[in-house]
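Notes for the one structure printed next.
The values are calculated or read from the model by the stated rules, or taken from the named source; none is laboratory data. What you are looking at is a predicted structure, and each value in this text was computed from that prediction instead of being measured. In this analysis, Cβ positions are derived from the backbone assuming ideal geometry, glycine residues included, and neighbour counts consider all displayed protein chains.
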Amino acid sequence: MKKRVVNVIAEELINEGVDYLFGVTGKTIAPLLDATLDYDKLEFIAARHESGAALMAYGFAQGSGKIGVCCGSTGGGSTNLATGVATAYMNSVPLLVITGQVSTADFGKGAFQESTGFGQTIDTVDFFRAITKESFSLINPLKAPEIIRYAIRSAISGRMGPVHVNIPFDVQLAVVEYEFQTKKSTFPISDLYSEVPGMRQAVNLINKAQRPVLLAGWGAVFSGARKAVIQIARRFEIPVATTIQGKGAIPADHPYYLGVVGICGHPVASEYIFNKSDLLIAIGTSFGEFSTYGWDERFLKNKKIIQIDIDSREIGKNYPVELGLVGDAKSLTEQLFKALEKNNIDVKISGREVTALIKEKGRLIDPLKMKDNSVPLKPQRLLAEIGEKAPDNTFFLADSSSHWAWAIHYLPIGQKGNFFPTLSLGAMGASISSAIGIKLSNPDNPVVCICGDGSFLMGGNEVATTAQYNIPVIWIVFNDERYGMPDFSNKKIYSRTTGTKLNKTDFSLIARGYGLKGFRVDHPDQLREVLDQAFDCNCPVVIDVLIDPDEMPPVGQRKLIRVQS
């Protein structure tokens, strides 16, 4: 059957279970967008900026476990995608990034927005190579099905990430013979624990340990290892700490949950790992700067480390390990649980110790401030109210800056909820857009994005997209009229700061201007009613909360550079 290349691409995407294509229209990508009108199962979501489109696709992939797909036109339409694509690359999230290009007959002529690398033009394919697993052009129309399938396989295999395909205008419009195939680009993973080298050694190390601790990172969350982590904790009474990005790996009320380790985290978690544990089982974490207090050597104190990661380059990168297990975190953690059960490993004392320790000391810093009635509002009080009002299955996002620190420490994650912080690239405003993709992938879960006034000024234009498509995301803006984290850090390092002050902005008015519900909160007594309305309305909402600008975020023991006077 003869079909346009763009229809071939659309059908391949539908076959892979893709529901949404995120992007911004433009001449060289218009044929692909036109093709989406031929299919009920593939909807185009028109973002306000290509970076927002890439971040929506990133959020969709995070929330669904499937590949996210975004697109842009040539020239600036392609380069605008970069922040979202780089975020996906650094957090190992699979994206298919499709960009348009001028027609092949116009290559090298200096056509409007040409980005082929000929003459004084940028090379789109080379541009994306630094922020993707692979970047290439589709030039032969007959190869379209093969190229799209290959790109998707590459994105979802091994350590996942974005793959970029650049397609000239005339290639998109070309007509080819095409027979639809239903085979998907999936990779079955064996659940036979005996197939994994080193599993017996892992069992022996855990068997000999008196106080083992599980440390769950982003890889544990994204791979779906949460159930297996909890099974190991419950069955063998092994406590669990999480990295900052792994915060959603275990519910906040689990009796063996130590809390988050690292800056903004919970001191009891660091105390137990540093001074009591004799075996650290790290699942899906590379021991990044924030989760290790700048690579604190106490992670090695009187203990051995087992590290599980899908990327062999991460094993032992920041700390020497006794044993490295390379593979999918979910599969290996499930296999570890089966192996421990098969070998009748004894229940450990560490779980009961942790339960007693948490009961004695608690997890939180200054918990009394969570009931503080001061004006402006204490961030601790705001997080306490959010945690109390949010349904158990709420998915939370926290954008970069001081509100992120508050959320890491004070925000509880429910049994059926999850947490998605913005780390690695750390682009401010990123979560404002990725929240939209997460909501589209999980329509039955409330989605709350915690952001700052600086974040909203960078990425808040995308809330207009939710008004157009009625996507019920809740954004809660911590408004302190400054870039909070740089303000605190610069003052601590240099005893002064510049460029961190922001002008007064009423984000509830901006929201209403975009066609959303907007609320402004300047007193604690308003919080509960506003949150109730936000969770009940099933519509996009922006809540602008005036918080105390002088309240120091719980950054803990992060190492700072000292300036010599």
Margin query: Name the single residue that is farthest from residue 222 (Cα to Cα) among those in the range 77-102 being in a strand (DSSP E or B) and within 17 Å of the chain's Cα centre (by Cα).
Written below: 96
Check: Looking at residue 105, is it surrounded by fewer than 23 Cβ atoms within 10 Å (Cβ to Cβ) and part of a helix (DSSP H, G or I)?
Finding: yes
Note to self: Among the residues in the range 124-135, are any small (Gly, Ala, Ser), crowded, with 16+ Cβ neighbours inside 10 Å and assigned by TED's automatic domain parsing to the domain that holds residue 33?
What the structure shows: yes
Item checked: Scan of the range 201-217 for residues that are in contact with a helix residue (DSSP H, G or I) (Cβ under 9 Å, 6 or more places away or on another chain) and assigned to a helix (DSSP H, G or I), ordered by number -> 202, 203, 206, 207
Check: How many residues are among the basic types (Lys, Arg) and crowded, with 19+ Cβ neighbours inside 10 Å if we restrict to the range 277-319?
Finding: 1
Note to self: residue 124 - would you say it is modelled with pLDDT of 95 or more, in contact with a helix residue (DSSP H, G or I) (Cβ under 6 Å, 6 or more places away or on another chain) and over 14 Å from residue 24 (Cα atoms)?
What the structure shows: yes
Item checked: Matching residues in the range 237-258 - criterion: being surrounded by fewer than 24 Cβ atoms within 10 Å (Cβ to Cβ) and within 14 Å of residue 411 (Cα to Cα) -> 248, 251, 252, 253
Next item on the list: Looking only at the range 110-130, decide whether some residue is closer than 30 Å to residue 65 by Cα, assigned to a loop (DSSP other than H, G, I, E, B) and in contact with a Ser or Thr (Cβ under 8 Å, 6 or more places away or on another chain).
Entry: no
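Rundown of residues vs (1) within 24 Å of residue 417 (Cα to Cα); (2) of a type in the set (S, T, N, Q), yes/no style:
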residue	(1), (2)
246	yes, no
256	yes, no
261	yes, no
272	no, no
278	no, no
285	yes, yes
291	yes, yes
296	no, no
Note to self: Regarding the range 70-80, can at least one residue be identified that is hydrophobic (A, V, I, L, M, F, W, C) and touching a Phe, Trp or Tyr at 6+ places or on another chain (Cβ under 7 Å)?
What the structure shows: yes
Next item on the list: Looking only at the range 419-435, decide whether some residue is more than 17 Å from the chain's Cα centre (by Cα) and not charged (D, E, K, R).
Entry: no
Next item on the list: For the range 100-123, indicate whether the set of residues that are within 27 Å of residue 423 (Cβ to Cβ) and hydroxyl-bearing (Ser, Thr, Tyr) is non-empty.
Entry: no
